[in-house]
Amino acid sequence: MRRGFVLTLVAFILFVTLVNMVMQMRTDRARVSSWSQDMLVARKLLYVTDDVGEDVRFAYSVRTARSGIALTFTDTLPANYSIDRNLRGYRDFLQQKYLTPELALQFYNMTGSAIALDAMPTDLVVRPYNLTYHYPDYGQHQLSIYCAPNGYCNNTDIRSVSFAFTMPNSNFTYIPSSGNKSHYAWSPSALNCSGQPACINFTLAITDSRGYVFSCPSATCNYSTFRSDQASLLTVQMSPCWLDLTLGNSGIIQLKLRQPSDPNASCNATLNSTISPTFPSQSYYLELPGRVSVGDVNYNASRVYQLPGENISARELTETLPSRAAYLDSECFNSDTTNAYAGGSGYKYVYGVLFANICTEKNIHITNIKPSWVPNSSEKIEIVRINNTNVWNYDGSIGSPQGRQPSGTKLDMLDWTIGPVKTIPLTYLRFQQGMRNKNITLNLTFSDNSTAVVMVRT
């Protein structure tokens, strides 16, 4: 009797163990399947954002080429097609030909506001030197290169710059020569400087359709430096258009093709431009002034990507881009707000936001969060909770400042680390008042002082 009971008990235990093993195998298989699906979605979003990011730059006529510490901008003024027209054409291509039904795409400016693609600012920025290549008009009748937001360009950042302009359907009114030097006078002039931080070396060559060349330095223009904090203006008289060229004036150069009789009226002569600044090192990169967000509506996943101003793969092949582990925290950061909503007692809680680290080789560290919202009805935030841990509390127990805070206040929170290829919830934001039907902007600061913007709609 006892032996039969023992055998029955052993059989039961083996059966239970076998059932548990089967259930565990099914669970593991489901986890693997879910992981595989997540990887496929993540890879799709990665490829689409990279494609779109690199394609947008072709709406601008300017092309860039690297050669060590020198960067060359090659351009034609005015554009055959305006930038906004090119961007509208690319938008139509994305919507009609490229994007599959489950993909949603949105562009944002640098402040985090949603914009139409054809409203993209006409800038190309060289980081970390903040050299901005700018068209004042979409038709590209003018060109401006300046350093922002720090004012004039410093020669510790911009070592030298060469300008070469060809006018294939224009001719000099006065052939450049020592005898015609008076027709090529700079007024005002801050040229041939030395010793000042704003003093930058330059060369200049303007060639007309007959092959005549006006150049600096030369017998016609005995200058090789200019002050970037002061204006030096040269008006080149040509037919059919005059060329106004300003060096300095809190920048590098300003170009304008204009009517001979009216400095404010644009003119359509062709100008082929090659401008090559040199920098202290080759560790520079180019950005367009915006971001693109691509989301998969079926899997509530999205990726926000800073628009590059150059071919990323080419930059990596030349080894001028840091290794992945050296990327900024903000470049590794991603967010998903697809399921965000206001809920809880009195709709005072904002749920459904996810934070992610898409890099495979580094941690990222969030140090500050600045929430702002519209419409703003004097609501105040009380608690920020990430991954079920309070990282800022108005009662002063964690983070600063103390007390309930209004829209636009930077909150110094408990530093939060997100490991490689990890996704965590922003568990909730708790407010003193209800937060339904709000547009909330979360400005995040990371430990490396890089920043990211998260847009939340409740």
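Observations on the structure shown:
- Residue within segment 80-99 that is touching a Leu at 6+ places or on another chain (Cβ under 6 Å) and more than 30 Å from Val297 (Cα to Cα) present: no
- Answer from Tyr152, Tyr212, Tyr146, Tyr184 - the residue that is surrounded by fewer than 19 Cβ atoms within 10 Å (Cβ to Cβ) and on the phi < 0 side of the Ramachandran plot: Tyr212
- Flag for Pro425 being modelled with pLDDT under 95, surrounded by 13 or more Cβ atoms within 10 Å (Cβ to Cβ) and not polar (S, T, N, Q): yes
- Candidates Ser224, Ser232 - the one that is over 24 Å from Pro168 (Cα atoms), touching a Pro at 6+ places or on another chain (Cβ under 7 Å), in contact (Cβ under 8 Å) with a residue 40 or more places away in the chain and in the same structural domain as Cys147 (by TED's automatic domain parsing): Ser232
- Qualifying residue in segment 215-237 (condition: surrounded by fewer than 19 Cβ atoms within 10 Å (Cβ to Cβ) and under 16 Å from Ile275 (Cβ atoms)): yes
- Selection count where residues are aromatic (Phe, Trp, Tyr) and either assigned to a strand (DSSP E or B) or touching a Leu at 6+ places or on another chain (Cβ under 8 Å) (or both), scope segment 193-219: 2
- Scanning segment 190-202 for residues that are crowded, with 18+ Cβ neighbours inside 10 Å and closer than 23 Å to Ser266 by Cβ turns up nothing.
- Of the strands (runs of 3 or more DSSP E) entirely within segment 265-358, those holding at least 3 residues that are modelled with pLDDT under 85 occupy 285-296, 301-308.
- Take the conditions (1) over 30 Å from the mean Cα position of the chain (by Cα); (2) small (Gly, Ala, Ser); (3) not in a loop (DSSP other than H, G, I, E, B); Ser162 misses just one of them, which is (1).
- When segment 92-113 is filtered for residues that are more than 14 Å from Val294 (Cβ to Cβ) and either surrounded by 15 or more Cβ atoms within 10 Å (Cβ to Cβ) or touching a residue at least 40 places away in the same chain (Cβ under 8 Å) (or both), the ones remaining, listed by number, are Asn109, Met110, Thr111, Gly112.
- Taking every residue in segment 380-391 that is free of Cβ contacts under 8 Å to residues at least 40 places away in the same chain and pairing it with any residue that is surrounded by fewer than 17 Cβ atoms within 10 Å (Cβ to Cβ) and not basic (Lys, Arg), at least 6 positions away or on another chain, the pairs with Cβ-Cβ distances below 6 Å are Asn390/Ile398; Val391/Leu414.
The values are calculated or read from the model by the stated rules, or taken from the named source; none is laboratory data. A quick note: this is a predicted structure, and the numbers were derived from the prediction, not measured. Counting neighbours? That spans all protein chains shown, and the Cβs are built from the backbone with ideal geometry, glycine included.
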